[in-house]
């Protein structure tokens with residue numbers, strides 16, 4: 001290709017036509033760092049036509065570390081082989097001023113709200129809680145809310161958002177509002193998923209409580225456990241044409257490895273951070289989360305995250321787990337009463353282990369991996385408005401969640417092993 005053009009091929013591994021969002025690492029094809037959303041154009045080039053389409057670029061670590069992810073919608077992508085060996089469609093990225101796309105849907109659906117520790121009247125903060133719709137890097141944020149039209153989630157970056165409680169909320173989703181729910185529930189309720197019957201002060205979803213690291217193979221030590229509760233820092237946020245993206249980073253923590261008897265010095269301490277990337281697409285009842293541990297030098301380290309959730313329901317409300325033992329990469333928990341079924345789904349690109357539910361508390365962990373990609377899915381069914389007995393409690397999290405977003409997503413080709421991990425590591 002010309003020096004100012006880059007070809008992007010996309011493959012659909014399914015047997016049916018699909019439309020979904022594509023992520024492409026701009027560093028992988030040598031797009032100059034100075035080019036951004038104002039100096040690049042993207043075209044779909046199939047069937048002899050060249051149609052310009054909208055996109056966005058996320059710089060996950062901010063402008064100081066140019067790791068740029070191009071995001072666009074690949075619409076009506078034809079089916080091809082399930083091993084990604086055949087491209088379905090081709091896109092062309094080139095240097096130039098892009099067309100200004102009118103996107104009333106995304107502008108009305110995609111929003112990020114920021115809650116600042118100290119309200120600043122000069123910047124238009126709401127006095128009672130520090131709310132502002134604009135992100136000001138450098139100011140301390142204690143909470144972030146992602147809104148996509150179908151789902152609203154509030155992420156607490158601190159243990160105690162506004163006043164002290166006995167519960168540590170750091171890194172957890174403290175409210176989940178699912179808008180497209182059947183009657184008679186009120187969609188204006190700020191949290192209709194984590195507290196189905198009245199409020200519960202300990203409610204939260206998807207909190208990472210600790211990380212586990214493995215020692216070198218010659219070391220006699222057991223696994224290393226690190227509590228990850230504490231403050232997080234918002235290091236990146238972008239409310240673009242394609243999605244909401246917010247990246248939070250934990251406080252630094254040390255990992256100590258022993259080189260004895262093979263390497264000197266005997267003990268090496270590595271200073272690391274946990275990064276969590278939250279992504280929300282328009283009108284979807286889920287959010288995606290990517291997790292990785294990165295050293296100060298920019299290298300990735302394998303780890304095992306532990307999750308905790310608490311969903312308030314009286315003991316009389318029945319619960320039901322949906323899980324396939326031969327596909328241990330996803331599950332959903334259903335709470336149901338009368339004709340209403342509320343579902344909480346999770347899927348990952350590594351196996352889900354240690355799954356346990358007791359007295360409204362849900363715990364699970366993932367296996368050892370450099371980079372974890374997950375999806376958190378929220379569902380509600382009402383049998384009064386559907387064919388009773390025909391609901392499939394597996395389908396949404398199993399097909400739309402795990403299969404289409406984690407196991408067999410639309411991808412750029414050729415597929416490179418560990419490409420997701422390399423995206424967040426130094427060269």
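Rule-based calculations on the coordinates, nothing more; no lab input. All values reported here derive from a predicted model rather than from experimental measurement. Cβ: placed from backbone, ideal geometry, glycine included. Neighbour counts: every protein chain shown.
Quote to one decimal, in nm, the extra length available between residue 263 and residue 395 on full extension: 0.36 nm per residue of separation minus the C-alpha distance between them.
Taking 0.36 nm per residue and subtracting the Cα distance, the gain is 42.4 nm.
Test of understanding: in a Gaussian network model of the chain with alpha carbons linked when under 10 Å, which of 257, 163, 24 would top the mean-square fluctuation ranking?
163
Using just the C-alpha positions of the range 1-85 as equal point scatterers, what log10 of I(q)/I(0) does the Debye formula give at each q in 0.11, 0.12, 0.13 1/Å?
Log10 of I(q)/I(0), two decimals: -0.35, -0.41, -0.48.
As an exercise, use a Förster radius of 45 Å and the Cβ-Cβ distance of residue 65 and residue 321 to find the FRET efficiency, rounded to the nearest 0.05.
FRET efficiency, residue 65 to residue 321: 0.65.
Which of 320, 86, 325 has the fewest other C-beta atoms within 10 Å, and how do the rest follow up to the most?
In order of increasing Cβ crowding within 10 Å: 325, 320, 86.
Just grab the label-to-label distance for residue 339 and residue 251, each label 7 Å out from Cα along the Cβ direction, in nm (one decimal).
Here the answer is 5.1 nm between the modelled labels.
Distance from the Cα centre of the range 9-41 to that of the range 121-186, in angstrom?
Comparing the Cα centres of the range 9-41 and the range 121-186, I get a distance of 31 Å.
Quick one: 222, 402, 334, 6, fewest Cβ neighbours within 10 Å first, how do they rank?
Ascending number of Cβ neighbours within 10 Å: 222, 334, 6, 402.
Rounded to the nearest Å, what's the spacing between the alpha carbon centres of the range 396-427 and the range 270-333? Just the number, please.
Cα centroid of the range 396-427 versus Cα centroid of the range 270-333: 16 Å apart.
Taking the Cβ-Cβ separation of residue 407 and residue 126 as r and a Förster radius of 51 Å, what is the calculated FRET efficiency to the nearest 0.05?
It comes out at approximately 0.75.
Give the label of the value calculated from the structure for log10 I(q)/I(0) by the Debye sum over Cα atoms at q = 0.06, 0.11, 0.14 Å⁻¹, choosing from (i) -0.33, -0.93, -1.29; (ii) -0.24, -0.83, -1.34; (iii) -0.26, -0.92, -1.46.
Derived directly from the coordinates: (iii).
So how far apart, in nm, are the two label points at residue 4 and residue 221 if each is 7 Å from Cα heading toward Cβ?
5.4
In a GNM of the chain with a 10 Å cut-off on Cα contacts, which of 181, 311, 268 has the highest mean-square fluctuation?
Fluctuation is largest for 268.
Calculate for the chain the 222 nm mean residue ellipticity that helices alone would give, adding -39,500 (n - 2.57) per DSSP H run of length 4 or more and normalising by residue count, nearest 500 deg cm²/dmol.
-500 deg cm²/dmol
If I build a Gaussian network model for the chain, linking alpha-carbon pairs within less than 10 angstrom, which residue out of 159, 314, 13 has the largest mean-square fluctuation?
314
When a footprinting reagent is the concern and you count Cβ atoms within 10 Å, what order do 338, 90 take, fewest first?
338, 90
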